[in-house]
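Okay, structure first, notes after.
The values are calculated or read from the model by the stated rules, or taken from the named source; none is laboratory data. What you see is a predicted model, and the numbers here were worked out from it, not measured in a lab. Using ideal geometry, Cβ is built from the backbone for each residue, glycine included, and neighbour counts are taken over all protein chains shown.
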């Protein structure tokens, strides 16, 4: 390897919305932008104008939630306050880079040859602001002069100056012995050296925007020259203050809108801030130490624009630097696949840079990908180059061309060609870089196919003696090869291991060497390319008729490994309730007390046909004799092989004898048993129990690891030649309560290491799942949660880049994922439109979107159609102050679906995502939606609903009662039309428009217009397609109590195509019944129906109100629309409905319709608008006393009370009551509902303020119904 190659062995950063390089990389892949309104605390409103000493900037990318950990670094308060924040941010980031390189706090480094070079310009805004204190004499003189010229008295002027001095000086620390050093840029690198006691070199470089890359180049030169052996390099910039912002404003360099890089319409840049540090070593030294290398730096150069402008770039200067760098690297410019550019977004800057790049690459160069990190985090000036370097390094490390952020119309200046803006991540082919290892640090061993166990021990001894930094094991299918590799990787964590399976024994060259991962298992394809071996998580499929189908075949099932332990326990559980005869084989004598007790226990539990025979499965004679005895009980149809020996020992102590002893029961024992059975035509099940140790290795367990993986190879080979027999190898992690882990007493230690034991019931259930799945593979790893290890490589598609996957805490593809997201008004602007009593509340539909997004981290194919079941919204998730709220979303897949929980300080939302059924056929013929509304939002948003902004989607109600809804809503197409998340988050929505889904819910709130009802659960919701355009909501109540309402809801397109179906949607009233002011006229019916329920009068009188006239048959038309049945009028002119009762009343061309299974009568009248009309209120003289009593109790006008009595009489008359029946007042509710009774019926009357398109009105309504609802 060239001595000039520099390995990047550590990365660390803190940039806007990226506290780590991993977060920065995820933001790049998601094209997230971190721009927000510039906080007033960073730049006061007094600077926000276009005056010569002001700035027009309104947005920037700023650090959030960063606080220097003084306690960790032992920095006292006075020192912390005296130094600029850049010092502390650089120190913290440098420490993180050291830790990432594997040399935490510099441990293990030669501190005399370790140096630090950092880029910075003018320190930072905080020390610059502090200079104001030192300028107090000038300010005092100017203020005193102004006060004197204004004619203020001396004592008043002195008081003002005293107050002013306090206000000027108080925000800044008192000058001390650290003030000067804390305000200097050159001490930033010095402070890092001071803290870690590095003596190699330490200084700060100021090269403006190139400062951090100049620092990296200087560090590389120091390494190549041998001046230092380890270098920290990067840059830090915290300078969002008037000096820079006003200066850039005067240059016109700042953006006024979104920042677009390399765009046809350049905008200028938005500033950012932060710090990036890389840890560097000579590549040969990094390899010798076994350190991971993210990438290699192979060339660097710089230039000057000479006599060009100081603030405008020159094409010739940039081209010269590029030529020098490519020449130093020894590669042709056109070979570069990715160029991470400067990309300031200014017209001249982007044009010159694109032209320089194109001229250097040449006109015939193939297309290259181009991007700039500034589009994500803004221009971080002295720290910008470090951010770009980290991005490019991770692109190389992950072998991925990242997407370009926000270049909607790529710029193509004259002469510029050959550049591609990536809009999706592109994976590069698996390649292993060429490497030239040293003779002493790399060992390649070959395991021929005929290598015996003794040969394997010789190989282990050679590896143990050599202790190479890099090990490659080459084989053509030997069953011990992978076990050896995994054991070495587990035993020697500083050794990089490659296990290479080839098709032949030809020289493999450098294949497999040079990859950054510590452990690789590679296979050679037929075309000669390499593929990496990987596990793929596979949740069990739902059992089909599990209770009816025996999991063990009828006949004799042999169980090896004795009558205690995991194998015996599992076999007994599987055999319960079957006709299988269990024969346990073990080396313990049959009359042993433990064996006798175990047999008695099995018999007592209902196992009537169980036996134990003493047998050593490694002894063919013993096996033959045992089989003779076994056949007395019948043909052998099943084998469950669990015999094994585990005696942990370090690699140094492994001998041929100890390895043979471990291999004998596990591998030889099964071979002996199968050989003794002969053709095995009767065998229907072969199940061997292995261990996760065989899959991943474990320090001190090399023999057991190799034996288990050797068993796997044997079982898979046997399965290939015996297709008639169901064959499985089950690789178990440790069980609790039974098994080897219990016997060895290691459970507590394993738990401390992050290994969660499998419960006995869980283990048996998992085994049943495997056997019930006819598509289950031969080898299945069954485990509870376990820590990530280098040797277990899971096949996984990249995690989806979605809003609620902001931080992925745990991810095992196909099994589980835990993500976190911070909710805030900035990141989640929809919260501002979903406030309840002023508090932002996470909408239920957004929580459902989070459930879907969390599931997609488990199964990346998650998409519509999908169903969710058993959704529970246990408690609202709210923002109670200015601080963001962190939610955690945990998803776990099993045979029935993916269970998801959303929690903050408690579980808030839970549900299960499952596969969707086939969509139903359209339930109706096409129907024209209502004409578009130009009059603004629906009136319910002003009177009843709390939703604002993007949630206002209701167009109109076609039908509305307390128990039924038919409404039209509007969906928006695409997140660009209505942005739900901030620009730096992905706007992709798996369920489609949340506004439409929320409207599907909140149109139901009109069914309970006098209470606040919120969703608390859904039995099942299925979404088949994204909602778009105008949609119809059809809802019918399934059940209710006084406070809970359960609906089934269908969302469909105008042609009847079903979009979504909500089943068992439960709303819960969170407030008591409230006196309503003015109600839209359509809400009067639902309100009256609910009040009848709440007052205990009747459980289901369906009342509807709508515009209509008697002469036009409004009542029969509405009845037909409501029920779909034929309707008419009786002889008295009342509406008639077969099988039910109906009553109608008209007032001021508005219909009140009542429908019930019991007789019902309704009436309503308009309240006289003026006293002149009061005399027109009819009321029988016999009812005057009741009216007067009502007027007195209600404190209302006697005319209105008489109108109440009159409407009650009219409603009763429709039930056949005459004037002679006396009325009695039953009760009056707090909201003014009066209930009178006569005979067997109650009548509820109410004064209601209504409004419709004709304006406001006041009506009195009466509903008469039986005292008790019919059962």
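List of remarks:
- Here residue 151 does not fit the description of being assigned by TED's automatic domain parsing to the domain that holds residue 390 and either assigned to a helix (DSSP H, G or I) or modelled with pLDDT of 90 or more (or both).
- Some residue of segment 915-928 being assigned to a strand (DSSP E or B) and either within 24 Å of residue 796 (Cα to Cα) or not assigned by TED's automatic domain parsing to the domain that holds residue 64 (or both): no
- Remark: residue 116 matches the filter, which requires a residue to be touching a strand residue (DSSP E or B) at 6+ places or on another chain (Cβ under 6 Å) and not in a helix (DSSP H, G or I).
- Top-ranked residue of segment 788-802 - restricted to ones that are within 25 Å of residue 32 (Cβ to Cβ) and touching a helix residue (DSSP H, G or I) at 6+ places or on another chain (Cβ under 7 Å), ranked as surrounded by the most Cβ atoms within 10 Å (Cβ to Cβ): 802
- Screening segment 230-329 for helices (runs of 4 or more DSSP H) wholly inside it with 1 or more residues that are in the same structural domain as residue 375 (by TED's automatic domain parsing) and in contact with a strand residue (DSSP E or B) (Cβ under 8 Å, 6 or more places away or on another chain) returns the ranges 242-251, 283-289.
- Checked against (1) buried (at least 18 other Cβ atoms within 10 Å of the Cβ); (2) closer than 30 Å to residue 994 by Cβ; (3) touching a strand residue (DSSP E or B) at 6+ places or on another chain (Cβ under 8 Å), residue 1039 passes all but a single condition, namely (1).
- Test: residue in segment 608-630 that is farther than 28 Å from residue 700 by Cβ, buried (at least 20 other Cβ atoms within 10 Å of the Cβ) and out of contact with any helix residue (DSSP H, G or I) (no Cβ under 6 Å at 6 or more places or on another chain): yes
- Counting the residues of segment 630-677 that are more than 26 Å from residue 771 (Cα to Cα) and not in a loop (DSSP other than H, G, I, E, B) gives 13.
- Out of 222, 217, sole residue that is touching a strand residue (DSSP E or B) at 6+ places or on another chain (Cβ under 8 Å) and either within 30 Å of residue 326 (Cβ to Cβ) or not in a helix (DSSP H, G or I) (or both): 222
- Meets criteria (assigned to a strand (DSSP E or B) and crowded, with 23+ Cβ neighbours inside 10 Å) for residue 1115: no
Per-residue answers, yes or no, for (1) touching a residue at least 60 places away in the same chain (Cβ under 8 Å); (2) surrounded by 12 or more Cβ atoms within 10 Å (Cβ to Cβ):
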residue: 44; (1), (2): no, no
residue: 57; (1), (2): yes, yes
residue: 61; (1), (2): yes, yes
residue: 71; (1), (2): no, no
residue: 80; (1), (2): no, yes
residue: 88; (1), (2): no, yes
residue: 102; (1), (2): yes, yes
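- Scanning segment 338-363 for residues that are at pLDDT 80 or above and assigned to a loop (DSSP other than H, G, I, E, B) returns 341, 342, 343, 344, 345, 346.
- Whichever residue in segment 916-942 is closer than 29 Å to residue 870 by Cβ and surrounded by 10 or more Cβ atoms within 10 Å (Cβ to Cβ) and, among such residues, is modelled with the lowest pLDDT: 923
- Of the residues making up segment 691-700, just one is touching a residue at least 60 places away in the same chain (Cβ under 8 Å), in contact with a helix residue (DSSP H, G or I) (Cβ under 6 Å, 6 or more places away or on another chain) and either under 22 Å from residue 772 (Cα atoms) or surrounded by fewer than 19 Cβ atoms within 10 Å (Cβ to Cβ) (or both), namely 699.
- Conditions (1) outside any helix (DSSP H, G or I); (2) outside the structural domain of residue 227 (by TED's automatic domain parsing); (3) out of contact with any helix residue (DSSP H, G or I) (no Cβ under 7 Å at 6 or more places or on another chain): number failed by residue 108: (2)
- Residues in segment 703-710 include none that are out of contact with any helix residue (DSSP H, G or I) (no Cβ under 7 Å at 6 or more places or on another chain) and either at pLDDT 95 or above or not assigned by TED's automatic domain parsing to the domain that holds residue 478 (or both).
- Tally, over segment 804-833, of residues that are surrounded by 17 or more Cβ atoms within 10 Å (Cβ to Cβ), within 17 Å of residue 22 (Cβ to Cβ) and at pLDDT 90 or above: 5
- Hits in segment 58-91 (condition: farther than 26 Å from residue 822 by Cα and in a loop (DSSP other than H, G, I, E, B)): 74, 75, 76, 83, 84
- Leading residue by the ranking (farthest from residue 776 (Cα to Cα)) among those in segment 529-543 that are surrounded by fewer than 16 Cβ atoms within 10 Å (Cβ to Cβ) and at pLDDT 80 or above: 529
- Every condition in (1) at pLDDT below 90; (2) farther than 18 Å from residue 1097 by Cα is met by residue 1231 except one, and the failing one is (2).
- Scope segment 570-597; condition part of a helix (DSSP H, G or I) and buried (at least 21 other Cβ atoms within 10 Å of the Cβ); matching residues: 570, 571, 572, 574, 575
- The criterion of being at pLDDT 90 or above, in a helix (DSSP H, G or I), out of contact with any helix residue (DSSP H, G or I) (no Cβ under 9 Å at 6 or more places or on another chain) and surrounded by fewer than 17 Cβ atoms within 10 Å (Cβ to Cβ) holds for residue 159.
- The residues of segment 92-105 that are within 30 Å of the chain's Cα centre (by Cα) and in a helix (DSSP H, G or I), listed by number, are 92, 93, 94, 95, 96, 97, 98, 99, 100.
- Odd one out for residue 1232 among (1) in a loop (DSSP other than H, G, I, E, B); (2) in contact with a helix residue (DSSP H, G or I) (Cβ under 7 Å, 6 or more places away or on another chain); (3) free of Cβ contacts under 8 Å to residues at least 24 places away in the same chain: (3)
- Exactly one residue out of 945, 963, 984 is within 30 Å of residue 59 (Cα to Cα) and either at pLDDT 95 or above or buried (at least 17 other Cβ atoms within 10 Å of the Cβ) (or both): that is 984.
- Yes/no for residue 680 being farther than 21 Å from residue 521 by Cβ, touching a helix residue (DSSP H, G or I) at 6+ places or on another chain (Cβ under 7 Å) and part of a loop (DSSP other than H, G, I, E, B): yes
- Residue satisfying all of: in segment 464-484; outside any loop (DSSP other than H, G, I, E, B) and touching a residue at least 40 places away in the same chain (Cβ under 8 Å); surrounded by the fewest Cβ atoms within 10 Å (Cβ to Cβ) among these: 464
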